């Protein structure tokens with residue numbers, strides 16, 4: 001086996017985020033009318049996207065998508081990465097592709113020439129910094145098995161997948177194909193569970209995947225509890241420890257826990273000024289996986305994740321505003 | 001004369017901003033190759049816009065345009081406003097129009113159906129927080145005399161114009177028409193000089209305008225010195241005091257000076273964390289003019305401008321991230 005060309009390739013729904021501040025009352029009213037659950041992601045269609053956008057405040061647009069954010073953070077640490085995800089041939093698609101390239105991430109998925117516009121995620125940021133996401137998938141759902149570049153996947157140490165892909169049959173097949181190629185090439189597969197409601201929708205699939213096909217799992221407290229339908233975090237952590245090589249479980253202001261074999265490593269939280277939590281989990285995964293691909297110990301990996309997540313929640317938007325490579329010395333010194 | 005329907009109508013180049021962090025070296029190299037002057041605005045064509053964008057880092061997109069920013073801030077204070085400026089019928093145009101409407105600003109200028117895309121301003125933010133702007137005007141230059149809604153202008157207490165309009169003959173005529181309508185209706189005309197290089201390009205025109213057609217002038221230190229080709233601020237302030245009813249002159253970290261008849265009021269700066277200076281002058285004008293339309297004294301007007309400018313430089317992007325109406329009590333208590 002030759003030396004991998006890429007440290008990591010990520011596959012996800014390519015989305016442009018539209019972030020706007022919103023009041024608690026606005027989100028509560030949207031919940032009553034449209035079942036919008038604060039702090040989670042809902043899938044919406046184009047008609048609803050247009051209607052919701054019309055009600056939202058002044059926005060800031062930036063490239064997003066969970067795995068896309070992770071890849072941008074991973075590259076900001078200095079990792080060599082690629083991304084597979086589909087945008088349309090339109091202005092927002094150009095923005096997404098520009099930002100990947102600007103971050104040094106290879107992104108060669110052919111844009112959709114005709115049909116749906118680039119997908120977008122309408123994000124309401126409440127005064128507590130929590131984000132509530134409403135995703136119109138647009139062109140991103142057109143990603144399919146044909147978009148999975150086998151040589152690319154086989155050439156990466158880690159193939160990183162977002163759980164959100166399971167929301168569409170075509171993307172799910174692409175996801176499965178990518179996982180098989182990675183393992184056939186002797187490389188690792190990482191998965192993020194994405195969202196507790198996403199876990200609800202695909203619980204049996206995800207349980208099977210975690211036990212049989214995933215080497216490194218990312219989940220937050222709500223997601224891992226939902227996966228095993230248990231009431232408390234410790235129970236969930238105990239169950240997952242027997243199923244997956246490495247699990248990195250994030251707990252917001254309580255820090256995170258990394259479980260690797262019989263090792264359980266608690267990573268303390270960092271002091272944070274919370275402006276917008278969008279991208280926190282994505283950047284935790286970026287930091288952790290960068291450390292992992294560089295052969296760092298689990299504690300340092302977890303600390304890198306924490307430092308990146310702490311940076312991204314200090315400003316509006318889901319991607320780094322500083323060079324994450326500068327965090328490495330800080331993590332090593334800790 | 002009936003009570004005006006609007007507190008203010010602003011006319012400007014409708015642009016979407018693309019903000020990216022950049023190093024001092026990058027800007028210096030662009031200056032060597034393309035005469036990009038740090039801290040100022042350069043006009044660029046579409047080919048250069050594409051080439052520069054390709055070299056820029058990950059961006060954040062938001063609605064911009066100097067007068068558009070001012071109008072957004074003015075509405076955030078609670079002022080009733082309208083905006084005239086031209087975008088294209090494309091995704092970035094939709095973003096611009098959405099953001100105006102979301103801020104409660106009337107914006108009924110017909111978008112350009114065919115031709116240039118929505119104009120954009122590529123902004124490089126250096127580590128010192130300074131912004132260097134590169135504007136591809138796109139559809140915004142297609143605004144002409146026909147887009148000036150006479151009834152709208154006549155119904156506003158203040159018509160606010162940006163100096164940048166003088167860069168194109170068609171927009172300049174629209175500018176002149178608007179000024180005439182406002183004065184014929186017995187209302188006031190405000191102007192911002194926009195940029196020292198913009199003043200260089202149109203010095204004689206601006207001198208004539210300020211003396212004969214402008215009631216309230218906004219300029220920063222470099223712009224007012226450039227207007228009268230003098231070496232120091234005090235000389236420039238003395239000259240302008242004889243020419244214009246009210247001048248509000250901003251001096252960055254030295255605060256601002258408001259000259260009204262024989263009154264000279266010094267407004268101290270506020271403590272600021274500088275992240276990105278984009279929109280500082282625009283929001284100063286927003287605060288000042290909001291106070292003015294509400295009949296506040298000159299000192300309070302200047303303080304409102306200062307508070308708004310201080311907010312906008314504390315984050316990436318040229319428009320409010322808080323409700324500026326909340327600043328009014330603070331200014332009145334000072």
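Just for strands (runs of 3 or more DSSP E) wholly inside the stretch A:43-156: which have at least 1 residues that are within 11 Å of chain B (Cβ to nearest Cβ)?
Correct list: A:60-63, A:119-125.
For the stretch B:95-106, state whether one or more residues are buried (at least 22 other Cβ atoms within 10 Å of the Cβ) and more than 22 Å from residue A:20 (Cβ to Cβ).
Checked against the condition, which is being buried (at least 22 other Cβ atoms within 10 Å of the Cβ) and more than 22 Å from residue A:20 (Cβ to Cβ), the stretch B:95-106 yields no hits at all.
Between B:252, B:247, B:194, which is touching a strand residue (DSSP E or B) at 6+ places or on another chain (Cβ under 6 Å) and at pLDDT below 95?
It is B:194.
Please indicate, with yes or no, whether at least one residue in the stretch B:29-39 is within 30 Å of residue B:153 (Cβ to Cβ), modelled with pLDDT under 95, away from every other protein chain (no Cβ under 14 Å) and touching a helix residue (DSSP H, G or I) at 6+ places or on another chain (Cβ under 9 Å).
Among the residues of the stretch B:29-39, not one is within 30 Å of residue B:153 (Cβ to Cβ), modelled with pLDDT under 95, away from every other protein chain (no Cβ under 14 Å) and touching a helix residue (DSSP H, G or I) at 6+ places or on another chain (Cβ under 9 Å), which makes the answer no.
In the stretch B:107-132, how many residues are out of contact with any helix residue (DSSP H, G or I) (no Cβ under 7 Å at 6 or more places or on another chain) and surrounded by 22 or more Cβ atoms within 10 Å (Cβ to Cβ)?
4
So which residues in the stretch B:131-158 are closer than 30 Å to residue B:29 by Cα and either touching a strand residue (DSSP E or B) at 6+ places or on another chain (Cβ under 6 Å) or at pLDDT 95 or above (or both)?
Those that are closer than 30 Å to residue B:29 by Cα and either touching a strand residue (DSSP E or B) at 6+ places or on another chain (Cβ under 6 Å) or at pLDDT 95 or above (or both): B:131, B:132, B:133, B:134, B:135, B:136, B:137, B:138, B:139, B:140.
Looking at (1) out of contact with any strand residue (DSSP E or B) (no Cβ under 7 Å at 6 or more places or on another chain); (2) surrounded by 19 or more Cβ atoms within 10 Å (Cβ to Cβ); (3) farther than 21 Å from residue A:132 by Cβ, find the lone condition where residue A:9 falls short.
With respect to (1) out of contact with any strand residue (DSSP E or B) (no Cβ under 7 Å at 6 or more places or on another chain); (2) surrounded by 19 or more Cβ atoms within 10 Å (Cβ to Cβ); (3) farther than 21 Å from residue A:132 by Cβ, residue A:9 is out only on (1).
Taking only the stretch B:47-89 into account, find how many residues are surrounded by fewer than 24 Cβ atoms within 10 Å (Cβ to Cβ), under 28 Å from residue B:148 (Cα atoms) and in contact with a helix residue (DSSP H, G or I) (Cβ under 6 Å, 6 or more places away or on another chain).
1
Test residue B:24 against the criterion of being away from every other protein chain (no Cβ under 12 Å), without any contact (Cβ under 8 Å) to a residue 24 or more places away in the chain and out of contact with any strand residue (DSSP E or B) (no Cβ under 6 Å at 6 or more places or on another chain), and give yes or no.
no
All but one of (1) within 14 Å of another protein chain (Cβ to nearest Cβ); (2) touching a residue at least 24 places away in the same chain (Cβ under 8 Å); (3) assigned to a helix (DSSP H, G or I) hold for residue B:17; which doesn't?
(3)
Among the residues of the stretch A:20-29, write down those that are within 8 Å of residue A:124 (Cβ to Cβ) and in a helix (DSSP H, G or I).
Correct list: A:26, A:27.
So which of A:224, A:216 ends up being without any contact (Cβ under 8 Å) to a residue 40 or more places away in the chain and within 17 Å of residue A:282 (Cα to Cα)?
A:224
Check A:118, A:132 and return the single one that is in contact (Cβ under 8 Å) with a residue 40 or more places away in the chain and closer than 18 Å to residue A:312 by Cα.
Only one candidate qualifies: A:132.
Give just the number: which of (1) under 16 Å from the mean Cα position of the chain (by Cα); (2) more than 14 Å from chain B (Cβ to nearest Cβ); (3) under 13 Å from residue A:13 (Cα atoms); (4) in a helix (DSSP H, G or I) does residue A:174 not satisfy?
Result: residue A:174 fails condition (1) only.
The values are calculated or read from the model by the stated rules, or taken from the named source; none is laboratory data. As the structure is a computational prediction, the values presented were derived from the model and not from experiment. As a convention, Cβ positions derive from the backbone with ideal geometry for all residues, glycine included, and neighbour counts pool all protein chains shown.
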